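Single-structure report; data block below.
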Amino acid sequence: MKAPVPIPAIEAPAPAEPPPPWVEAAETRQKIPYWVMPVLIFLPVWLIMYVGTLEAPTREEGVIFEGSVVYEENCASCHGAGGGGGVGPAFSNGAIIETFADVEAQTAWVAQGSQVFRDAGRTSYGDTNVAIGHRSGALMPAFAEDLTTEELVAVIFYERIELGGHEEELELAETIWDRLESGEIEVPEHFVEGIEGDLDGTGEVNDVFAATKAELAEAEVASE
């Protein structure tokens, strides 16, 4: 009987080299749950929707909206669609507030126009004493008869707040407008006082401005 052939010894395999650190990190990194990918895909859409809710809502009603309608129909052709000026002076970037610091003075000018001022011996208007007709002889029409009192109030506040950027008067404008709309305060359908020479006032409407300003100022002081 032949002796068994000895099995040659098998060398133990050399230990495997450790993987590079970046490979090991990738293999041991916690996997992203399957439900995360749809969330990540939808995230940009959600972000756009969320940011949209932070933007100031478009004014589609109230004194500013109503004023914009009156402005487009009666004023934009001379003063520009955005108040940048044209045949008439500009209102934007605070220009209208520089000319008329008080809403009452602007109301008198818009209601009465250039000719009434001239007939009363005035050669200029506004706090900056703008010469009447200095822009190629263009004159300001009188809107007291063409527009109702409410339309004039709305368009003047629109020019001051929306075009002139004078947001400080928004509360005043909204308060007066709400009270006009509700009938809490009554004014003539058209300006009937102040047209014949009373250039610094417009009668009952100025009383409304003054009373509302005083009331809001008193409320502000009381809240401090």
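Every read-out reported here was derived from the displayed coordinates using simple, explicitly stated rules and does not represent laboratory data. All values derive from a computational prediction rather than experimental measurement. Here Cβ is always computed from backbone atoms with ideal geometry, including for glycine, and neighbour counts include all displayed protein chains.
So between A210 and D102, what do we pick up on full extension, going 0.36 nm a residue minus the alpha carbon distance?
37.8 nm
Counting only Cβ charges, +1 for Lys and Arg and -1 for Asp and Glu, the dipole size of segment 62-223 around its Cα centre is about 960 debye. The A217 and A138 beta-carbon pair, evaluated with R₀ = 25 Å, returns a calculated FRET efficiency of approximately 0.10.
Calculated FRET efficiency, S77 to T128, Cβ-Cβ distance, R0 = 22 Å: about 0.40 to the nearest 0.05. The value given for segment 62-223 is a Kirkwood hydrodynamic radius of 15.9 Å, derived from the mean inverse Cα-Cα separation. For segment 62-223, the residue among P188, L172, G67 whose Cα projects farthest onto the positive side of the dipole built from Cβ charges is G67. Between N93 and any residue 5 or more places off or on another chain, the built amide H atoms are never under 5 Å apart. Amide H to amide H, with H built 1.01 Å from N, V130 comes under 5 Å of Y125, counting only residues 5 or more places away or on other chains.
Measuring nothing but how far apart in sequence close Cα pairs (under 8 Å, 6+ apart) lie, relative to its length, segment 62-223 scores a relative contact order of 29 percent. In a fully extended conformation the segment linking E171 and E61 would gain 38.1 nm over its present Cα-Cα distance, using 0.36 nm per residue.
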